[in-house]
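Here is the structure we will look at, set down as structure tokens.
Throughout, read-outs are computed from the coordinates displayed, never taken from laboratory work. As the structure is a computational prediction, the values presented were derived from the model and not from experiment.
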Amino acid sequence: MVMATTTSTAARTSLASVTLEVADLEAARRFYSAFGVDTHIRLRASEAHSTGFRGFTLALTVTGPATVDSFVSAAVDAGATVLKPAEKSLWGYSGVVQAPDGTIWKIATSEKKNTGPATREIDAVVLLIGVEDVKATKQLYAGRGLTVAKSFGGKYAEFAPGQTSPLTLALYKRRALAKDLGVPADGTGSHRIVLGSTADAFTDPDGFAWETAEPLAATPS
């Protein structure tokens, strides 16, 4: 009976929400509203010590380069710092900014040319966390009921989003993620992020904390 109950609970596990821990709650609310992502995240006041790379990024997938530029511009106008200017790459077009609270955001599209005007629409929001052992963390999460959607050995893994959440969770090697974002990989203290789970609370080997949470409502298209 115990094993059946555990399996049933795990089968419902997914990433329900993302809560960023910030020093100035009102300032963060203003920034994320101006940036245009406030409906995709939650905010919580915290004075937890944190230095250097926090080990994660939130990535927005959008329709084209003009929309990438629009989000980068909105972020900068609201007080963000550009870590990587938006430009073409092998995989498309992207830019990286850091919010005043320290959270790193990547805005990207697979398109290299515009097929229409800029919009403020977000196709997907991906929480990409940097871990020391992708395979081990993937197995841990899968064992807790998350469904693996994509896996590339020990380099990258992505989980299927929940039915009631617009968020996707993915794993990447910590140093590779830092390099992609253009920041040093070293960091200490709190990750300044809490992952909301549709099941029970736990903390993974890399220190990312999960808590039981109600899912974010999917944003209407």
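Between the helical axis of 2-11 and the longest alpha-carbon principal axis of the chain there is an angle of about 10 degrees. Axis angle, to the nearest 10 degrees, between helix 25-35 and the longest C-alpha principal axis of the chain: 60 degrees.
Annotation for segment 194-218 versus segment 48-95: alpha-carbon center distance of 24 Å.
Across every pair of non-identical alpha carbons in segment 106-164, the mean reciprocal distance, once inverted, gives a Kirkwood radius of 13.9 Å. One chain, two ends: K88 and S110. Fully extended at 0.36 nm per residue, the span grows by 7.0 nm beyond their Cα-Cα distance. Report, to the nearest 10°, how far helix 65-77 tilts away from the longest principal axis of the Cα atoms in the chain, using its own Cα long axis and a range of 0 to 90°. That works out to roughly 90 degrees. Here the mean projected area of the convex hull built on the C-alpha positions of the chain is 12.0 nm². When the helices of the chain are scored as -39500 (n - 2.57) per DSSP H run of n ≥ 4 and the total is divided over every residue, the value at 222 nm lands at -7000 deg cm²/dmol.
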